[in-house]
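As structure tokens, the structure follows; a few thoughts come after it.
The values are calculated or read from the model by the stated rules, or taken from the named source; none is laboratory data. Because the structure is predicted, anything quoted here is derived from the model rather than measured. Note that we place each Cβ from the backbone using ideal geometry, even for glycine, and neighbour counts take in every protein chain shown. These area figures cover heavy atoms from the full protein model, side chains too; ligands, DNA and RNA do not enter into them. Shrake-Rupley method; radii C 1.70, N 1.55, O 1.52, S 1.80 Å.
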Amino acid sequence: MTTVVGGTAGRREWLGLGVLVLVVMLLAIDGTVLSLAVPSLTADLDPSADQILWIGDIYGFVLAGLLITMGNIADRIGRKRLLLIGTAAFGAASLAAAFAPNADTLIAARALLGVAGSTLMPSTLSIIRAMFTDSRQRTTAIAWWSVGATAGAALGPLVGGALLEHFWWGSVFLINLPVMALAFVGGWLILPESKGETGAPVDLLSALLSILTIVPLVFAIKHVVSEGVDGLGIAALVIGLVAGWFLIRRQLRLAVPLIDVTLFRIPAFSGAFFANVLSIFGFFGLLFFFSQYLQMVREYSTLKAGLAELPGTLSSMVVVALIGFLITRVGVGRSIGLGLGLGAIGLVVMAASARGEGYWGLGLGLVIVGLGVGIAMTLSTDAIVGSVPTERAGAASAVSETGFELGGALGIALLGSWNLAFYRNSLDLPVGVPVSDLQAAHESLASALHRAESPKVILAAQDAFTTAMQSTAVVAAVILAVAAVLAWRMIPSASPQA
């Protein structure tokens, strides 16, 4: 087994970090870029309504369900080896998706993309943990990794909009090929191999239980958003919770568990995990309803909306320069609390600016949110990954990534649901207009824009959506503010240096 020599990282390690950031950025882009391509692929492939849902969702389901298992496999067979396998598989699946002749083939290709993605996400973090043994350098490296993850999510609509203005829907998958080819060659030449020292095989029953826990929970969240509370959503929630209960019981009995659940008894670890979930909750939830606001209320084009969201991404990059100062002067726990608090303030600024005619207030709010989320995400991820020995880095990284996926799903689900509820409650529709217009407006702003004929109905729906966005942003701000207080108190901070 080839391992990384301890000490200060040099040029090779930082070049390797560039490869890993490239991979995680592409994975994040792939999670958000497809939504814009749905109209054109629908015209080409003629999928049913159910097939459209599976095209969009199966990537996230498979990715989330396999993260924990793949993180443990990476610890056993080698993180670099699994990363290279996943990179090649991701490229092949992207090619299959781009030229899918029908909806079923596209669904299968998206599922394979999820499998490949699940090998890449935990491998990137665990390789960082192995390459950067100096804690300060590791924190900086994870800051860059976080920039890649958040920037990719924000850039997805921008990249998709730019491609779809000139090419067919398959282009959103073809962009993966040159990036993955570069990552494969760079990874092969630059990245060191590392793996855990345990020879115990992955417990297959635990792996199955982890899938039966995560996938139904993520499905339940997304199903409730799209269809409301019904028997299927409740059944999925119950299956996930029951499987999770059995999973935890089994982990407590295993000598080498898939997930070391005893770590959650440590306030620093559990606090960092939930801080990570909530920071992503706020960021992804914000992108979900803010993107709709820009396009359907401000009437920005897809490309202009993507550019309007860039300040949040750019400000998250500032974290790389600030993170060392914050740890030294403020401490980890207090810095995470500060980041979540900044996220809350940024959301309030955006809510206050939503009815203004200019963009500057919204842009300022995005900058504050991006900075706060960048701080909280970087330090909470670092705390999770740094809390375990290097040989268990893959498993810990998978736990962090699972939190990332759950946070994103919860943000879109809960904030999206609240936004819709606030929207319908705020509708003040004019009298004397066709009933079909009223029904379209009550369904959603998107329906009003596409089906309503009365300008008064459209204006009323846009006004209600703006009110809903303001209310939702305030609710999200309150959640992040409470999380900031808990992080400040639960997660230890090193004594500040004078």
Charged-residue dipole, Cβ positions (Lys, Arg, Asp, Glu), region 116-250 about Cα centre, Debye nearest 20:
320
How large is the accessible surface of Lys80 in square angstrom, using a 1.4 angstrom probe and rounding to the nearest 10?
40
Hey, if we sort His442, His223, His166 by accessible area with the 1.4 Å probe, largest down, what's the order?
His166, His442, His223
Using θ = phi - 60° and Karplus 6.51 cos²θ - 1.76 cosθ + 1.60, couplings along region 288-294 (whole Hz; Gly, Pro as x):
4, 8, 6, 4, 5, 4, 4
Calculate, for Arg298 and Arg253, the FRET efficiency according to 1/(1 + (r/R0)^6) with r their C-beta to C-beta distance and R0 45 Å; round to the nearest 0.05.
0.25
Once the in-chain neighbours fewer than 8 apart are removed, the aspartates and glutamates whose Cα is under 19 Å from Lys304 read Glu165, Glu357
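Taking R0 as 25 Å, what's the FRET efficiency between Trp188 and Leu314 from their Cβ-Cβ distance, rounded to 0.05? Mind showing how you got there, number by number?
On the way: r = 32 Å, r/R0 = 1.27.
For Trp188 and Leu314, the calculated efficiency is 0.20.
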Per-residue HN-Hα couplings for region 347-352, Karplus 6.51 cos²θ - 1.76 cosθ + 1.60 at θ = phi - 60°, whole Hz, x for Gly and Pro?
5, 5, 4, 5, 4, 5
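In nm, what is the difference between 0.36 nm times the number of residues separating Arg136 and Leu307 and their Cα-Cα distance?
Values: separation 171, 0.36 × 171 = 61.56 nm, distance 3.27 nm.
This chain segment gains 58.3 nm when fully extended.
Per DSSP H run of n ≥ 4, the term is -39500 (n - 2.57); total these for the chain, divide by its residue number, and report the mean residue ellipticity at 222 nm rounded to 500 deg cm²/dmol. Don't skip to the answer; put the middle values down first.
Numbers: 21 runs with 389 residues, N = 498.
Helices in the chain give a 222 nm mean residue ellipticity of -26500 deg cm²/dmol.
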Which entry is the computed Kirkwood radius over Cα pairs in Å for this structure: (1) 23.1; (2) 27.1; (3) 24.5?
(1)
Multiply the residue separation of Val478 and Ala88 by 0.36 nm, subtract the distance between their alpha-carbon atoms, and state the gained length in nm to one decimal.
136.1 nm
Two-site FRET efficiency, Leu204 against Trp360, from Cβ-Cβ distance with R₀ of 45 Å, rounded to 0.05
0.25
Taking a crude spin-label model, label points 7 Å out from Cα along the C-beta direction, the Ser436 to Leu322 distance in nm is 5.2
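Give the peptides 319-328, 208-217 in descending order of average Cβ contacts within 10 Å, highest first.
Working: 319-328: 16.9, 208-217: 21.8.
Ranking the peptides 319-328, 208-217 by packing returns 208-217, 319-328.
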Spin-label point model (7 Å from Cα, Cβ direction): what's the Val242 to Arg424 distance in nm?
3.0
Checking the cross-link filter: which lysines have an alpha carbon closer than 20 Å to that of Lys195, excluding same-chain neighbours under 8 positions apart?
Lys80
Can you give the accessible area of Asp46, probe radius 1.4 Å, in Å² rounded to 10?
120
